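The values are calculated or read from the model by the stated rules, or taken from the named source; none is laboratory data. Every value quoted in this text rests on a predicted model; they were computed, and no experiment measured them. Don't worry about glycine lacking a Cβ; one is built from the backbone with ideal geometry, like all the others, and counts go over all protein chains shown. Ligands, DNA and RNA are stripped out before the accessible areas are found, and what is left, the full protein with its side chains, is counted by its heavy atoms. Shrake-Rupley method; radii C 1.70, N 1.55, O 1.52, S 1.80 Å.
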Amino acid sequence: MRFGPPAGGPICKDDPLRPGGRGCDVHVPGLAMKAFHSKLLRRASVVGLGVLIVLVPPSLLRPDAIVITKAMTATTIAEIFVEESSVTVELEIGVADLDGFRNLLPDELYERLGHDPEPLIERVPRFFQEDLMIRPDDGDPIPGRVSQIEARRRLTRDEITGEPLPDPEGEGEPVVFMRLVYPLGDRPETLVIEPPRNASGQTAANIGFVTYHRGLPVNDFRYLGIAEQLNLDWRDPWYSQFNNRNLRRQYYAPISAFLYIEPFEVRKEIVFRPKDLQVWVDLGLEGQESIPAEQWDEIKQRASEFLAEKNPLTIDGRPAEGQLDRVHFIYRNLRTSGVLEVPEDLDIISATMGVIFVYPTDGLPQEVDMEWELFTDRIDRVPSSATDEAGPLPYVLAVDDNVLRWQNFLTNPTDPGQLVAVQTPPGRRSVPLTLVAITAAVGLLGLIVRFGQTLRRGHRPPKYARVAAVALLIVVSLTGPRAVMSGRVSDDDAQLVVTALLQNTYRAFDFKDEGAIYDVLARSAAGELLTDIYLETRRSLELENQGGARVKVKEVDVLDSEAEPLDGELGFISHLTWNVSGSVGHWGHIHTRTNQYEARLTVKSIDGAWKLMSLELLQEQRL
């Protein structure tokens, strides 16, 4: 991204975010404002400002801030970029906040806001000295310049992270976009950022802001309501932070630890920057500005081997031996986190890794302790949490309080060995012998005896006798005893059966041992479908981009079901739609997902129990 074009006039370039696909940067050096004023009024961007002047009613041009709760949806959005030689502020100014930035607006719009005429050339210096001020803690406000100003549509932002989202062109509300540049003569240790104020000293704009130091976010989106002091660490911007502790990003810590306690398994996850781990173990990163893709495997191996010997676990009072499960380079933001699948060069300042160790258990433990050993002068507090099915319990580890402890206070924990009861298939009954059947059987027996006598004499039985025997055999087969179903399975009963079979299918994956999973599945499925269900269900429960993390199913909700009986067999075909909801804790996040399926399931009675025999998936979608 280019900030602050050189002197000598506007620079135009292709820009898909701007109307017409092209935009211009306007350079305003020092106090040479007459040229800027004349150019500004001629630019297409200011034509857009003129449209605002005409279309926006005067009542909306008052300097009243809109009171809202989410900073990324504030009337004005400010993104502040601190670099080696300058601070750049990119603004999306809503109509209701225009008065707070009046000293940068064209004369006509300035006067329409109700102010006495005053040339733009005189107002711009005052803006940087009195309005949106950026200054060293012990210095004067930095004289800035306007690099760009234009009318455009507001970007749509994620309601949690504040990151821009794809949006149909022209859908956002009209805003005034400004890019302001504050040059830095040297690298200050602190900067004070102060919002514009009105004549009564109150904040003149409703500003949601985020600050980046050398590309790394210092804070998540927050409101800029008062002067805030930013302490800059030029050696490692990860440690740059505001004095106000409310103004920091969620994942501010360079290293963090998480325990996940489930039946049959405890997981220990450690998230860290390789740059920080380099303090304890040589990862081959000394003096590097980036982590090359070809170094990934070596760094993973060294990091996981070192961490395998650190931060020991005890489970129910006994030292536990874990095994490495996964180690990845990862990404994290407010909404989600995930695994970087394809190796690429990473900035060493922001590169992050995660390693997972697994500790098998016989069931659900009663107590788990982790003793944290990795502290430095900078890393003296380590955010952590212990998570069970009731949710995470956050804790901050410190040098004098370095044990993360989980105790089983669950009142009714899930027992994977306890499956849902499935209805027993209806019995079978026999139709008794009838008089017709008895008579036909006696007649057939008599003919068989006569046939034997005739054949011993060397004669062939007469044709009428042979025909009579065939006829009697048919009568016996049609009227003789046979087993039949004792009744048709109702739609309600079929839905209960299928719901229970589905719940037990998903519950099988609460076990960690593959053999146990397969054995539990065998109670609900048979034939070739058993293997298919094992493979397909396992695939559907694994989160994409999470390196194999498996969702724990919380709820199976059958939405619609229709059943039809099988011809001549004890069973039915169910046309079914159901939702599956679950979650998994991973990299400090609780990932949740709900999938919906539509399928035709064939269910039969096998050895006195209902079993799934075939599944035809008709539709699958993520909700």
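Could you give the length gained on full extension between Asp137 and Ile226, defined as 0.36 nm per residue of separation minus the Cα-Cα distance, in nm?
Details: separation 89, 0.36 × 89 = 32.04 nm, distance 1.44 nm.
Full extension from Asp137 to Ile226 adds 30.6 nm.
What FRET efficiency, computed as 1/(1 + (r/R0)^6) with R0 = 22 Å and r the Cβ-Cβ distance, is obtained for Thr424 and Val558, rounded to the nearest 0.05?
Numbers: r = 20 Å, r/R0 = 0.91.
Result of the calculation: an efficiency of 0.65.
Beta carbons within 10 angstrom, averaged per residue: use that to sort the peptides 564-571, 268-275, 357-364, highest first. Can you show the working numbers first?
Values: 564-571: 14.1, 268-275: 21.9, 357-364: 15.8.
Averaged packing, sorted descending, gives the order 268-275, 357-364, 564-571.
Using packing as a proxy for protection, rank 124-131, 381-388 so that the peptide with the highest average count of other Cβ atoms within 10 Å comes first.
Working: 124-131: 17.2, 381-388: 20.4.
In descending order of packing, they fall as 381-388, 124-131.
What FRET efficiency do you get for Thr439 and Arg523 if R0 is 35 Å and r is their Cβ-Cβ distance, rounded to the nearest 0.05?
On the way: r = 48 Å, r/R0 = 1.37.
The pair Thr439/Arg523 has a calculated efficiency of 0.15.
Report the extension gain between Ile448 and Gln129 in nm, rounded to one decimal, defined as 0.36 nm multiplied by the number of residues separating them, less their alpha carbon distance. All intermediate terms of the calculation are to be shown ahead of the outcome.
Numbers: separation 319, 0.36 × 319 = 114.84 nm, distance 12.09 nm.
Answer, rounded to one decimal: 102.7 nm.
Give me the net charge for the shell around Pro183: Cβ to Cβ below 12 angstrom, other residues only, Lys and Arg +1, Asp and Glu -1. Please list the in-between numbers first.
Numbers: positive: Arg145; negative: Glu83, Glu84, Asp186.
Summing Lys and Arg as +1 and Asp and Glu as -1 gives -2.
May I ask you to order 284-294, 595-605 by the average number of other C-beta atoms within 10 Å around their residues, highest value first?
Working: 284-294: 12.3, 595-605: 18.5.
Averaged packing, sorted descending, gives the order 595-605, 284-294.
Kindly report, to the nearest 10 Å², the accessible surface of Glu344 as traced by a 1.4 Å probe over protein heavy atoms only.
Result for Glu344: roughly 90 Å² accessible.
In the neighborhood of Thr161, defined by Cβ-to-Cβ distances under 10 Å, what is the net charge if each Lys or Arg adds +1 and each Asp or Glu adds -1?
On the way: positive: Arg157, Arg335; negative: Asp158, Glu159, Glu163, Asp220.
Charge balance in the 10 Å sphere: -2.
How large a share of the accessible area of the range 71-124, in percent, is made up of carbon and sulfur atoms when the probe is 1.4 Å and the other protein chains stay in place?
Details: 690 of 1580 Å².
Reported share for carbon and sulfur atoms: 44 percent.
Multiply the residue gap between Asp282 and Arg600 by 0.36 nm, knock off their C-alpha separation, and tell me the result in nm, one decimal place. The partial results should precede the final answer.
Numbers: separation 318, 0.36 × 318 = 114.48 nm, distance 5.66 nm.
Value of the extension gain: 108.8 nm.
With a sphere of radius 10 Å drawn around the Cβ of Asp325, what net charge do the other residues whose Cβ falls strictly inside it have (Lys, Arg +1; Asp, Glu -1)? Spell out each step's value before the answer.
Numbers: positive: Arg267, Lys268, Arg326; negative: Glu265, Glu269.
Around Asp325, the charge tally is +1.
Once you put a point 7 Å from the Cα of Glu294 and another 7 Å from the Cα of Asp415, both along the Cβ direction, what distance in nm separates them?
5.8
Considering the Cα trace of the range 207-261, what is its radius of gyration and what is Dmax, both in angstroms?
Reported Rg and Dmax, both Å: 12.7, 44.
What distance in nm separates the simple spin-label points at Ser200 and Thr376, each placed 7 Å from Cα in the Cβ direction?
My value for the distance between the label points is 5.0 nm.
Give Lys512/Lys604; Lys70/Lys268; Lys300/Lys554; Lys275/Lys310; Lys70/Lys275; Lys268/Lys512 a once-over and call out the pairs whose C-alpha atoms are over 26 Å from each other. Walk me through the intermediate numbers first.
On the way: Lys512/Lys604 29 Å; Lys70/Lys268 34 Å; Lys300/Lys554 33 Å; Lys275/Lys310 18 Å; Lys70/Lys275 33 Å; Lys268/Lys512 16 Å.
Over 26 Å apart, Cα to Cα: Lys512/Lys604; Lys70/Lys268; Lys300/Lys554; Lys70/Lys275.
If the label point is 7 Å along Cα→Cβ of Ala398, which residues in the range 225-265 have backbone nitrogen under 18 Å from it?
Residues 245-246, 253-257 qualify, since their backbone N sits under 18 Å from the label point.
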